[in-house]
Structures are given as C-alpha cells and as structure tokens.
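A short write-up of the structure that comes next.
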Amino acid sequence: MISFERVTKRYPDGTVAVSSLSLEAPDGAITVLVGPSGCGKTTSLRMVNRLIEPTEGRILVNGVDARQQPAAELRRGIGYVIQQAGLFPHRTIVDNIATVPRLLGQSRSAARNRAFELMELVGLDKALAKRYPHQLSGGQQQRVGVARALAADPPVLLMDEPFSAVDPIVRKGLQEEFLRIQAAVAKTILFVTHDIDEAVKLGDKIAVLRQGGILAQFDTPDRLLAEPADEFVEQFLGTDRGIKRLTFYTANGLNLLGGPVVAADTEPAAAREAALSGGFPWLLVVDEQRRPLGWTNPEALSGSQPVGKTRLVSFGHVFRADTDSLRAALDSAVLSPTGWAVGVDAEGGVIGVVSQETIADAIRAAHATQAHVDVAVGDVEGEPAAEDAGPEDRSLEQAR
Amino acid sequence: MSVFDLPSYVQNDYLGLMGQQIEVSLGACAAGLAISLPIGQACARWRHAYPPVLVFVTILYSIPSIAMFVFLVAYTHLTETTVFIPLVIYSLAILVPGVVDGIRAVPPEVRIAADAMGFGPARRYLQVELPIATPTIMAAVRVAAVSSISLMSVGGVLGNLGGFGNLFTQGLRHFEIRLVWLGLFSLLALALAVDLALRALQRLLTPWSARRSVRA
C-alpha cells in the first residue's frame with residue numbers, strides 16, 4: 001500500500017505543485033492519478049521514490065516512511081516506467097531489463113535469466129534480446145520499459161504516462177497487455193495519465209487532481225462517472241461520461257435473438273416467411289461458419305436467388321457477447337444501418353442480434369441495479385438512503 | 001640510400017622522430033582528456049560555470065606556442081615537457097566542449113530512469129552518462145589528436161623536440177628540401193593513421209551507436 005499523508009510540495013519560488021494530498025493506493029490494485037497538466041500528478045508520483053522530496057507530510061510505502069531508507073535503496077525496490085521508456089541506448093535489451101537485479105548484486109547470468117523470463121511475460125520475442133533500444137519500435141521499447149521495472153520483482157510500480165508516446169492502436173494493445181500482466185503479477189501500481197479514457201480503462205481507483213495539486217475526487221471509475229464530486233470533475237470527465245460508464249456493465253445479459261439470423265443459402269420465400277412470422281424488419285445473413293455477411297430487407301427480396309447472393313447492407317462492427325461491455329454493444333447498434341447490433345462468440349460466429357431499444361432497456365436495468373446496491377449498502381451503514389451512499393461497489397462485473 | 005635515412009645533423013633516426021611525435025602529441029591529448037573529463041562534468045552539472053570556462057580555454061588556445069615555450073623554458077628547460085604542456089593546454093579548447101556536449105546529450109529521461117532505478121551518482125556517471133557521451137567525446141578526441149600532431153611541429157624551434165617537425169627546421173637550415181617533404185608526408189600519414197585508429201576504437205567502445213546498426 002502507498003499512503004500519502006497530507007503531502008505538500010512547495011517550491012522555493014512559492015509555487016505549490018501538490019497541496020495537502022492524502023490518499024491510499026490499495027495493495028495489488030491500479031490507482032490512477034489523472035488531471036490536466038500542472039495538476040501535480042507527476043510530482044506526486046516522483047515523491048514516492050523521492051526523485052522529488054515533499055515539503056510537508058509523509059509518504060508510506062507498505063507502512064514504512066519513504067524517507068527512512070537511503071534514496072538509492074528505496075528506488076531499487078520500486079519499479080518505475082516513464083513516457084519515453086528511458087531505456088539505456090548503450091545496453092542491449094536483455095541488459096537493460098537486467099539493470100536493477102545487477103544493481104542489487106545478482107550475478108550476470110542470473111540477472112539475464114530473469115530478463116529472459118520478463119521478455120516472455122511482456123510478450124517480447126527473445127530474438128530481440130541482443131538488439132539495442134533504437135532498433136525497436138516505440139511499442140516494443142515501452143514493453144522493455146515495463147519488463148525492466150518488473151525485473152527485481154518490486155511490490156510497488158510507478159508508471160508515468162507510460163503509453164502516451166505511442167500511436168492509438170499500439171496504445172490500446174499495450175493497455176490490454178498491461179492489464180493481462182497485472183492480473184498475473186498483482187502489483188501495487190500508481191499510474192499517472194492525463195487521459196481520462198485510459199484512467200477509466202485501467203484504474204481500479206481513480207484520483208482526479210486539479211490545478212495546484214488538490215485532490216478533487218478519489219473513487220472507483222464507475223462511481224466517478226456516475227457521481228462526479230463537482231463541476232471540475234464533471235467537465236474533466238467530458239460530455240460522454242454516461243456512455244463511458246457503460247464500460248462497466250457487461251453485455252452478456254443481453255437477450256440476443258437468433259430468429260433474424262438466416263444462412264446464406266436460404267431461399268427468398270423461406271426468408272420472407274421467417275421475417276413475417278417473427279415480425280423482424282431485417283434479417284442477418286451468415287455464412288457456413290455463422291460469420292456475419294450483411295443485412296437484408298425481407299420485403300425487398302424477390303426472384304429465386306438465395307439471400308446470400310442478393311445485395312446486402314453492411315453490418316458495421318460486431319461485439320463479443322460474452323466479454324464486451326454494454327458500451328461496445330450500444331456502439332455496434334448505433335453504427336449499424338439497421339439499428340441492430342450483432343453479437344458474436346470468441347470465434348466470430350453470430351450468436352444473435354439485439355436492437356437499440358433492447359440495449360436501452362438493459363442500460364436502464366443496469367443503472368437501477370447499481371442504484372439499488374448503493375442504497376442497500378447505505379442502509380447497512382445506518383445512513384439515510386442518500387444519493388451518494390456508502391462505499392464503492394464492485395459487485396457488477398467490470399467488462400473492460 | 002632509403003628516403004627514411006636521415007643526415008647526421010638531424011640527430012635522430014626516422015623511427016626515433018616518429019616515437020617522439022607519437023609519445024608527446026598523443027600523450028598530451030590523453031592528458032588533456034583526463035583533465036577535461038572532470039571539468040566537463042562539472043560544467044554540465046553547474047550550467048552557469050560553463051560560459052566562463054569556455055572563454056578561458058579559448059583564450060588559452062589563442063596564446064602563441066612560441067610565447068608559451070619562452071615562458072616554460074625557464075621552468076622545464078629544453079625537455080619534451082616544454083612542448084608537452086602547451087599541447088595539453090591547446091587540447092582543452094577542443095576536449096572540454098566535447099565532454100560537455102557529450103554529457104548534455106544524455107537524454108533527460110535516461111538520466112531520470114537511472115536515478116529511479118537506484119543508481120548512485122558515481123555509478124550513474126560511469127555506467128550511464130559516460131558511455132552515452134562517448135561518441136561525442138571521441139569525435140572531439142579525434143580532432144584534438146590530429147591537431148596535437150600538427151601543432152607539435154613547432155617544437156622543432158627548440159631543437160630536437162618537434163618530432164617530425166624537426167625535419168622542417170633542419171631541412172630549412174641546411175637547404176635540404178627532401179627533409180621538408182618527408183616531414184610533411186610523414187605528418188599527414190601519421191595523422192591519418194591515428195584518426196583511423198581512433199575511429200576503430202570508437203566503434204569498439206560504442207557498438208550500440210546508430211551508424212553501424214541494422215534496422216530491425
């Protein structure tokens with residue numbers, strides 16, 4: 001656990017970077033510090049491993065005041081990942097990763113073996129081991145940065161905008177990989193970003209900081225999106241926080257209809273019959289592997305050609321019915337020309353389709369359940385069933 | 001008679017001149033580097049110290065060598081040291097900026113990463129900053145070495161102290177143009193060889209440097 005206890009950083013010229021910050025980053029979880037530039041998030045992070053010394057207050061790392069041991073020793077026990085990776089250009093990838101174990105006195109071969117393990121963990125090809133950092137792509141360099149930070153197996157990891165310098169597609173991949181790694185290693189992570197979407201995606205808890213290093217709100221992502229503490233937080237979350245919040249509701253409860261799904265070789269008459277009996281305005285045509293081909297309008301079907309041979313309307317994109325969130329399902333429906341979203345399984349085969357209206361009902365139901373849980377928790381604690389009752393609740397499956 | 005046979009008034013054979021040339025000029029360059037490393041490191045750390053230091057070493061560079069010889073002869077007499085000291089002083093004007101530029105070229109995020117991983121100041125300098133600064137420093141060393149080789153010729157005016165430069169003074173004194181040509185080509189060949197050797201050394205020291213690597 002990392003605890004900030006009324007931590008203030010004031011510079012000699014009077015600027016206050018962090019103002020009486022108190023928060024606790026729980027064990028084995030990702031705590032995100034997010035806010036606009038100048039909100040003191042990086043300063044806060046760097047005070048944990050004493051790259052910057054606080055003016056007032058103290059920081060406890062696993063119960064011990066960070067200032068009780070020499071800075072260099074403290075730092076060898078805390079992993080650190082920064083934006084441009086900060087790899088040593090003169091050392092090979094494997095030696096970069098082996099840096100901290102070597103500083104801790106491990107033999108070269110032991111440190112290298114450890115480095116190879118980590119290359120595997122972060123998904124780096126072992127063929128890259130003898131390369132130098134500049135021979136790697138930005139995304140690969142950032143993986144090396146994460147591997148290097150994990151090499152000595154520190155309980156605590158500090159990450160300062162580690163994925164900001166790569167392009168959006170690589171960033172998305174790195175974020176997902178990072179969550180996968182964290183699920184395996186369960187480190188106590190303090191993560192700085194200016195990107196609220198990244199914060200919502202990665203954070204178990206989010207601390208929103210405002211200019212001057214003042215803590216505006218410290219909450220779970222779902223609670224943050226549901227109930228921003230003030231106008232600043234609300235503005236920082238953006239105008240689509242309702243949509244963002246859907247990230248936390250899983251799509252696997254949606255009632256997917258199999259009726260409007262027809263095989264490509266279906267005769268037009270049979271297709272019309274199926275549409276009429278079910279009252280479906282559109283039919284989704286699938287191939288032999290049940291992969292979606294496109295939508296067809298049964299009323300416009302004529303002639304004797306099977307539906308697969310007729311002109312089909314694009315289905316936009318699909319969502320994974322078992323793992324995706326309501327946000328993905330809603331996006332799929334909004335994008336679809338027919339207003340229906342296509343749910344698929346892990347192999348990409350269509351399970352069924354769902355209308356915007358059904359998704360809207362599911363959203364209302366999810367919100368109602370969430371509110372009910374909040375109220376219930378509030379009652380247990382003997383508080384009035386107020387709107388911001390009780391501690392955060394994570395009972396709803398987080399579908400990331 | 002080979003072109004490398006020298007008349008007796010040169011008071012040295014060809015290999016003797018070459019040995020003196022290499023010993024004094026490269027020795028001065030090495031000594032200059034040893035002095036420049038701490039000065040350069042200090043200038044990179046305390047930024048405001050660099051401009052005055054730079055002015056100082058540049059002024060030193062502008063002092064004519066003959067004047068320095070006259071001043072030094074009183075203390076070090078007619079020895080190689082009298083030639084050696086000015087060469088060291090001149091090399092500073094090239095090497096100090098080289099070291100400062102090299103240390104400053106270490107990317108800030110690399111320095112922060114080194115601190116954050118628990119490098120102490122000495123280890124950070126030796127294992128991170130100095131290796132990364134090496135290509136820039138070596139570029140300066142190559143210039144300083146070649147310039148030392150050339151500047152040393154003036155030592156010939158002190159007698160037998162100019163390495164191949166002795167061939168110029170003796171050649172002029174005895175109207176032997178062959179010696180002047182020999183000295184000139186020997187200096188050029190030596191400068192070229194030293195530069196190539198230092199370049200090879202640089203590649204050995206910095207296998208990671210961008211120029212040699214093949215893109216992934």
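Scanning the range A:3-40 for residues that are polar (S, T, N, Q) and part of a strand (DSSP E or B) turns up A:S3, A:T8, A:S19, A:S20, A:S22, A:T31. Scanning the range B:1-53 for residues that are under 12 Å from the mean Cα position of the chain (by Cα) and either charged (D, E, K, R) or assigned to a loop (DSSP other than H, G, I, E, B) (or both) yields a count of 1. Residues considered: A:N113, A:N62. Of these, the only one that is more than 12 Å from chain B (Cβ to nearest Cβ), of a type outside the set (K, R) and closer than 24 Å to A:L190 by Cα is A:N62. Give all pairs with beta carbons closer than 7 Å in which a residue from the range B:14-40 that is over 20 Å from B:Y61 (Cα atoms) and buried (at least 16 other Cβ atoms within 10 Å of the Cβ) meets a residue that is among the aromatic types (F, W, Y) and modelled with pLDDT under 95; count only pairs at least 6 apart in sequence or on separate chains. If the second residue must be among the aromatic types (F, W, Y) and modelled with pLDDT under 95, the pairs left are B:Y14/B:F4; B:L17/B:F164; B:Q21/B:F164.
Highlighted here are the strands (runs of 3 or more DSSP E) found entirely within the range A:157-236 that include at least 2 residues which are within 26 Å of A:T369 (Cα to Cα) and not aromatic (F, W, Y): A:205-210, A:214-219. Among residues of the range B:131-142 that are more than 10 Å from every other protein chain (Cβ to nearest Cβ) and at negative phi, those with a beta-carbon under 7 Å from a residue that is part of a helix (DSSP H, G or I) and polar (S, T, N, Q) at least six positions away or on a different chain give the pairs B:M138/B:Q202. Checking each residue in the range B:1-57 for being among the acidic types (D, E) and closer than 17 Å to B:A193 by Cβ picks out only B:E23. Considering B:T79, B:T58, the condition of being among the polar types (S, T, N, Q), surrounded by fewer than 16 Cβ atoms within 10 Å (Cβ to Cβ) and closer than 16 Å to B:A140 by Cβ is satisfied by B:T58 alone.
Scan A:G79, A:G14, A:G38, A:G86 and give me the residue that is under 30 Å from the mean Cα position of the chain (by Cα), surrounded by fewer than 19 Cβ atoms within 10 Å (Cβ to Cβ) and among the small types (G, A, S). Please lay out each step first, then the result.
Working: A:G79 fails: surrounded by fewer than 19 Cβ atoms within 10 Å (Cβ to Cβ); A:G14 fails: under 30 Å from the mean Cα position of the chain (by Cα); A:G86 fails: surrounded by fewer than 19 Cβ atoms within 10 Å (Cβ to Cβ).
Only one candidate passes the filter, namely A:G38.
Of the residues in the range A:65-83, not one is in a loop (DSSP other than H, G, I, E, B) and at pLDDT 95 or above. Restricting B:F84, B:F71 to residues that are without any contact (Cβ under 8 Å) to a residue 12 or more places away in the chain, surrounded by 13 or more Cβ atoms within 10 Å (Cβ to Cβ), within 24 Å of B:V157 (Cβ to Cβ) and not β-branched (V, I, T) narrows the list to B:F71. Take A:V185 and decide whether it is within 14 Å of chain B (Cβ to nearest Cβ), among the β-branched types (V, I, T) and within 24 Å of B:A114 (Cα to Cα). No. None of A:A110, A:A98, A:A72 is within 19 Å of A:A151 (Cβ to Cβ), in contact (Cβ under 8 Å) with a residue 12 or more places away in the chain and not polar (S, T, N, Q) except A:A98. Restricted to the range A:17-28, and to residues there that are in contact (Cβ under 8 Å) with a residue 24 or more places away in the chain and surrounded by fewer than 18 Cβ atoms within 10 Å (Cβ to Cβ), the residue that is farthest from A:T55 (Cα to Cα) is A:G28. Just one residue in the set B:G98, B:G102, B:G118 is surrounded by 21 or more Cβ atoms within 10 Å (Cβ to Cβ), modelled with pLDDT of 90 or more and away from chain A (no Cβ under 14 Å); that residue is B:G98. Only one of the numbered conditions (1) in contact with a Lys or Arg (Cβ under 9 Å, 6 or more places away or on another chain); (2) not in a helix (DSSP H, G or I) is not met by B:L78, and that is (1). Counting only helices (runs of 4 or more DSSP H) that sit completely within the range B:99-216, those holding 1 or more residues that are among the aliphatic types (A, V, I, L, M), within 23 Å of the chain's Cα centre (by Cα) and within 24 Å of A:I82 (Cα to Cα) correspond to B:130-151.
For the range A:116-156, a residue qualifies if it is hydroxyl-bearing (S, T, Y) and either part of a helix (DSSP H, G or I) or crowded, with 21+ Cβ neighbours inside 10 Å (or both), and exactly one does: A:Y132.
The values are calculated or read from the model by the stated rules, or taken from the named source; none is laboratory data. Just so it is clear, the model here is predicted, and its values are computed rather than measured. All Cβ positions, even for glycine, are placed from backbone atoms using ideal geometry, and neighbour counts span all protein chains on display.
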